[in-house]
1. Under the definition of Cα pairs under 8 Å and six or more residues apart, what whole-number percent is the relative contact order of the chain?
2. Relative contact order for region 347-413 using alpha-carbon pairs under 8 Å, separation at least 6, rounded to a whole percent?
3. With 5 Å bins from zero, work out the P(r) of region 61-157 over every alpha carbon pair and list the percent per bin.
4. Label point 7 Å out from residue 411 along Cα-to-Cβ: which residues of region 368-385 have amide N under 20 Å?
5. If you count the DSSP beta bridges with both ends in the chain, what percent of them are antiparallel, to the nearest 5?
6. If I take all pairs of Cα atoms in region 27-107, what percentage of them are more than 21 Å from each other?
7. Using Cα springs under 10 Å in a Gaussian network model of the chain, which residue among 345, 39, 334 shows the largest mean-square fluctuation?
8. Highest mean first, how do 216-222, 136-142 rank when packing is the count of other Cβ atoms within 10 Å averaged over residues?
């Protein structure tokens with residue numbers, strides 16, 4: 001069989017980077033570096049330690065003894081719920097040193113690894129058998145979440161959904177990293193779906209995301225019904241967008257086990273979504289009106305999504321080709337973007353200092369983009385109030401971008417948020433202005 005040079009090159013590059021690199025502490029968001037105060041400083045219950053916990057849910061098959069359990073790459077229809085213990089720096093870094101690395105610009109070589117140290121499974125749920133809570137063990141798990149919410153300034157739960165080529169360690173570490181840079185004010189749950197953990201088996205990931213989407217929807221319904229969270233926020237990265245968009249779309253269909261008015265879906269953020277563009281737009285139409293604002297962050301030069309589009313023979317939602325849509329879907333997307341039902345964040349590398357043009361990881365690698373994510377997820381601010389500039393693409397799609405004066409704009413935003421927080425009672429009940 002004759003392969004094109006481009007395809008051979010893609011296979012070579014993927015083979016070379018198929019192993020999973022360690023998760024290192026990301027660059028601190030711009031808001032941490034350029035502000036007089038940061039989110040750590042408003043957390044009265046801050047644990048000044050490199051140790052950090054996140055909740056997790058997975059539909060991977062468990063392996064190993066109960067006291068040393070992990071999860072395989074094999075999908076199941078059972079949802080496993082638990083708590084993950086992680087360590088930033090593996091116990092070899094002081095809080096003062098970690099705080100400095102988290103609030104000052106620094107070299108990548110200085111940033112410590114984030115290591116998974118233990119998984120503690122607390123409950124199992126069988127959605128296909130009609131289980132709506134996981135029984136007493138499941139309810140006890142949800143009470144643990146409520147305890148964490150009670151001690152947190154952010155009264156929302158944030159679900160993080162990882163991308164392809166990601167194992168349990170990496171998925172938990174990425175979620176912990178996000179929690180860390182909320183000033184540890186947010187309760188974070190990592191949804192660890194059964195990735196094949198290899199780009200060369202990407203087709204299996206596509207299949208597994210479709211199988212996982214109903215379970216993801218079930219989890220959101222359970223969290224809405226059984227916890228005291230104000231709302232359930234979602235961050236879906238890369239191929240995680242297939243899980244999240246398919247799962248969220250299913251929430252438009254009533255489930256007799258859950259009152260439809262119990263749903264509390266909040267902010268949704270699709271970071272470089274690696275999902276079939278046409279299918280994704282169809283799912284967005286079903287999501288409209290269920291939650292709050294959905295943001296789709298795209299980079300039209302994203303090299304990972306370029307390969308994925310070749311592999312799947314269709315453009316990806318994070319690097320879309322509008323010409324693939326039907327007239328009706330195009331009309332809907334244009335109107336949804338114009339009405340601000342869908343926010344398209346166009347990340348243009350040429351306008352973001354230091355960002356690699358082909359970046360797929362811009363949402364946490366670049367301090368401006370990570371700051372914008374925090375402003376959306378923590379404060380619920382629309383794009384204009386986050387300092388973004390509107391634009392219209394050649395195809396007529398309204399989008400948002402970072403302006404050259406984003407730094408001064410951010411400074412004004414942080415001052416305003418600080419003033420609003422100062423006028424509110426200091427009872428530590430919320431980080432929202």
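1. Values: 860 pairs, mean separation 63.9, N = 433.
Averaging sequence separation for qualifying contacts and normalising by length gives 15 percent for the chain.
2. Computed over region 347-413, the figure is 25 percent.
3. 2, 10, 14, 15, 17, 15, 11, 8, 5, 2, 0
4. The answer is 368-372, 375, 385, whose backbone nitrogens lie closer than 20 Å to the label point.
5. Rounded to the nearest five, the antiparallel share is 50 percent.
6. Tail fraction, whole percent: 49.
7. 334
8. Averaged packing, sorted descending, gives the order 216-222, 136-142.
We did not get these values from a lab; they are worked out from the coordinates using the rules stated. All values derive from a computational prediction rather than experimental measurement. Heads up, the Cβs are rebuilt from the backbone with ideal geometry, glycines too, and the neighbour counts pull from every protein chain shown.
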